[in-house]
1. Of the heavy-atom accessible surface of the chain (probe 1.4 angstrom), what whole percent is carbon and sulfur?
2. Taking 0.36 nm per residue of separation and subtracting the Cα-Cα distance, what length does fully extending Ser70 through Ala100 add?
3. Testing the spin-label approximation: label points 7 Å from Cα along Cα→Cβ at Glu60 and Val5. State their distance in nm.
4. Which residues make up the longest stretch of the chain that has no trypsin sites (Lys or Arg not before Pro) in a DSSP loop with at most 16 other Cβ atoms within 10 Å?
5. Using 7 Å Cα-to-Cβ label points, what is the Asp84/Ser27 separation (nm, one decimal)?
6. Just grab the label-to-label distance for Gln113 and Phe47, each label 7 Å out from Cα along the Cβ direction, in nm (one decimal).
7. Roughly how many Å² is the accessible area per residue of the chain, as a whole number, for a 1.4 Å probe?
8. Tell me which lysines have Cα within less than 29 Å of Lys30's Cα, excluding those fewer than 8 residues away on the same chain?
Amino acid sequence: QVQVVESGGGLMQPGGSLRLSCVVSGSIYKIYSMGWSRQAPGKEREFVAVITSIETTNYEESVKGRFTISRNNAKNTVYLQMNDLKPEDTAAYYCSAYVAQTAHDDTINYWGQGTQVTVSS
């Protein structure tokens, strides 16, 4: 099996910074794209950022220039550096990873349980 575990959320004042981490562990042959999504209360989950296995990146428009996604393949970890946080960034942040467990398997998108980010003064 594959486990996805996020960490690094918390309470931050507007303008502050947080760094989220997500570790993927278990029976892994290869991890392809890794990404972050978020879900605010009463809203649907939305895309935030993605990084491919060759480290190309893409961001949701409202976080461009403020958030940076990166990965450490040796540690099976993806990060989300969040700067200049705004109250509208408040949400549960979820990590996902496309994982193949063997060379012959299709990739499956695994999700973590989420970490809460609250931006408030």
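1. Numbers: 3030 of 6470 Å².
Looking at the chain in its full context, I get 47 percent from C and S.
2. On the way: separation 30, 0.36 × 30 = 10.80 nm, distance 2.00 nm.
Here the answer is 8.8 nm.
3. My value for the distance between the label points is 2.6 nm.
4. Working: sites that count: Lys43, Arg45, Lys64, Arg66.
With a cap of 16 other Cβ atoms within 10 Å, the longest stretch comes to 67-121.
5. Placing both labels 7 Å beyond Cα along the Cβ direction yields 4.6 nm.
6. So the label points at Gln113 and Phe47 sit 2.8 nm apart.
7. On the way: 6470 Å² over 121 residues.
With all protein chains present, the chain gives 53 Å² per residue.
8. Counting by Cα, and skipping residues close in sequence, Lys30 has these lysines nearby: Lys64, Lys75.
The values are calculated or read from the model by the stated rules, or taken from the named source; none is laboratory data. Keep in mind that what you see is a predicted model, and the values were worked out from it rather than measured. Virtual Cβ from ideal backbone geometry, glycine too; neighbours counted across all protein chains shown. The area values use the complete protein model at the heavy-atom level, side chains included, leaving out ligands, DNA and RNA. Shrake-Rupley method; radii C 1.70, N 1.55, O 1.52, S 1.80 Å.
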